[in-house]
Amino acid sequence: MIQKQFLGWMFMLTLTSVGCQNNEMASASMEEELPSKSNASRAATEVSVNPYVDTSMYISSGFSFLNPSQVNKNRQAIGGNAYTEVYGFNIPEENRVRGIRWNTDDETTSIWRPQGIAGFTRDGVRYLLVSWYAKDDAEYKGSRITLIDISPSSSTYLTYRHILLVQPDIPASTTTHTQYGSYAPLKVHAGGIAYLKGKIYLSSTNLGVRVFDLDKIIEVSTGDTTNEKCGKDANGNLFAFNYRYILPQTGYQKINNASPFSTIQVNEEGTQFWTGQYYAGSADAAIVPQVFGFPVDASGTLQSSGIIAVAPKNSLFADSHAHGIQGVFRKGNRTWLSCTGSPSNSYGSNARLARYTDGADDTVRYRWPYGAESLYYESQYNYLWSLTEYEPNAGAQNGSQVNRCIFAVDFSKYE
């Protein structure tokens, strides 16, 4: 996401970014309008959350559902210390605790980029979830998540499966693929992902939050050699670009006056969702990136009262605001920010993990890998997880080297 490009934003009211801000839907389902610069600085009193909208009727009949333990994981990740070999991995050795590299295809693909990270434990198995968005010639395929088994004692340790995300609104016409009925690709940037009580919450750049039920995974047909079919055809056959599984959106909540929603995570106490705004570093003092905390009720619904707004400081930038926010994690009155695009370089990376205490004049900053994205805190082990995004020849600095990995650090070293 470092290579987000601002197209004419010095003279336009809308902001377009190649990384965080593109590929979004315009209502809950169609192409979202681009974020406005006027949304960059809002008080909590101006921010509100609309009631939850249930979109699950399109899967209410004619489908069978699976849960994560029933998903066949067909790809093998790489464990050990290989993750430290990716470009710009600058975490001090004493702070490292876990790391994973994708298989060769996923490390080097240029049509999918990983963004968000979350995790959960089910039936004694630890899982990570990673969100991706499709780009370039595959942009029409939308977004996907990856389910990874990270339990060393599991028989499927470090195996994973990509699952296509879908939604109910069918495009009126397509020129890129054959679109059948019932469901369609979810064309969003998938910049952040959170897990709470069996559900996934996906940050949707201008809408707010999209919701998915992990007990509603659907197995579909494979064997389509064209890889260009999606939806249910007239004979009841299910397709998803040759993916074996889909995960349907079951609902959403629109959030007002807090976009762009570039990332999302649950706070340490499990009482709030926190979102962050990505804006690249700029001399324009009108852009003040913020993070927002939304109280959540027992059912996982975001509440419209008690919202918190924080504008972190970061003296690395000329205007002292925390630009380049890719990930957030909140504990007490402190926010940890995964930030990219710093004007200074640290051991091969212009990213930082920044710790901000409410009301402080600056962040405390730590080395962080090049191309770093979202954050996820695994409380049972006191691990702070993150991931990097770039395939070879994609980042501004990585050249032909792979940058993509998943890693965890000892959170106590950053408190």
Looking at (1) among the polar types (S, T, N, Q); (2) surrounded by fewer than 21 Cβ atoms within 10 Å (Cβ to Cβ); (3) closer than 25 Å to K73 by Cα; (4) modelled with pLDDT of 95 or more, which one does N227 not meet, given that it meets all the others?
(4)
I need the full set of residues from the range 369-414 which are open to solvent by 40 Å² or more (accessible area, probe 1.4 Å) and in a helix (DSSP H, G or I), in order please.
S412, K413
Return the residues of the range 260-274 that are among the hydroxyl-bearing types (S, T, Y) and open to solvent by 10 Å² or more (accessible area, probe 1.4 Å); say none if nothing qualifies.
T271
Pull out all pairs, ordered by first then second residue, where Cβ-Cβ is under 7 Å, the residues are six or more apart or on different chains, the first lies in the range 358-380 and is farther than 20 Å from G192 by Cβ, and the second is open to solvent by 60 Å² or more (accessible area, probe 1.4 Å) and part of a strand (DSSP E or B).
A360/K313; D361/K313; D362/K313
Anything in the range 314-340 that is surrounded by fewer than 20 Cβ atoms within 10 Å (Cβ to Cβ), of a type outside the set (S, T, N, Q) and over 23 Å from K197 (Cβ atoms)? List them, or say none.
A318, D319, R334
Sole exception among (1) within 16 Å of F241 (Cα to Cα); (2) out of contact with any helix residue (DSSP H, G or I) (no Cβ under 7 Å at 6 or more places or on another chain) for A134, by number:
(2)
Farther than 21 Å from F329 by Cβ, hydrophobic (A, V, I, L, M, F, W, C), open to solvent by less than 60 Å² (accessible area, probe 1.4 Å) and not in a strand (DSSP E or B): which single residue out of F89, F63 fits that description?
F63
Those residues of the range 129-162 which are hydrophobic (A, V, I, L, M, F, W, C), over 18 Å from S374 (Cβ atoms) and either within 13 Å of the chain's Cα centre (by Cα) or open to solvent by 20 Å² or more (accessible area, probe 1.4 Å) (or both), in sequence order:
none
Of the candidates Q167, Q249, Q179, Q253, the one satisfying the condition of being surrounded by 18 or more Cβ atoms within 10 Å (Cβ to Cβ), on the phi < 0 side of the Ramachandran plot and more than 25 Å from the chain's Cα centre (by Cα) is Q179
Do you know which residues across the range 282-310 are open to solvent by less than 40 Å² (accessible area, probe 1.4 Å) and assigned to a loop (DSSP other than H, G, I, E, B)?
S282, D284, I287, V288, P289, Q290, G300, T301, I307
Those residues of the range 185-197 which are touching a residue at least 60 places away in the same chain (Cβ under 8 Å) and either in contact with an Asp or Glu (Cβ under 6 Å, 6 or more places away or on another chain) or farther than 17 Å from D215 by Cα (or both), in sequence order
L186, K187, V188, H189, A190, G191, G192
Candidates G79, G88, filtered to the one that is within 14 Å of E389 (Cα to Cα) and modelled with pLDDT of 95 or more
G88
Here are some conditions: (1) open to solvent by less than 50 Å² (accessible area, probe 1.4 Å); (2) touching a strand residue (DSSP E or B) at 6+ places or on another chain (Cβ under 7 Å); (3) under 27 Å from I406 (Cβ atoms). Y347 meets all but one. Which one does it not meet?
(1)
Criterion first (outside any helix (DSSP H, G or I), of a type in the set (G, A, S) and surrounded by fewer than 23 Cβ atoms within 10 Å (Cβ to Cβ)) does S69 satisfy it?
no
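The values are calculated or read from the model by the stated rules, or taken from the named source; none is laboratory data. Everything numeric here is computed off the predicted structure, so don't read it as measured data. Positions of Cβ are backbone-derived with ideal geometry, glycine not excepted, and every protein chain shown enters the neighbour counts. Surface accessibility is based on the protein's heavy atoms, side chains included, excluding ligands, DNA and RNA. Shrake-Rupley method; radii C 1.70, N 1.55, O 1.52, S 1.80 Å.
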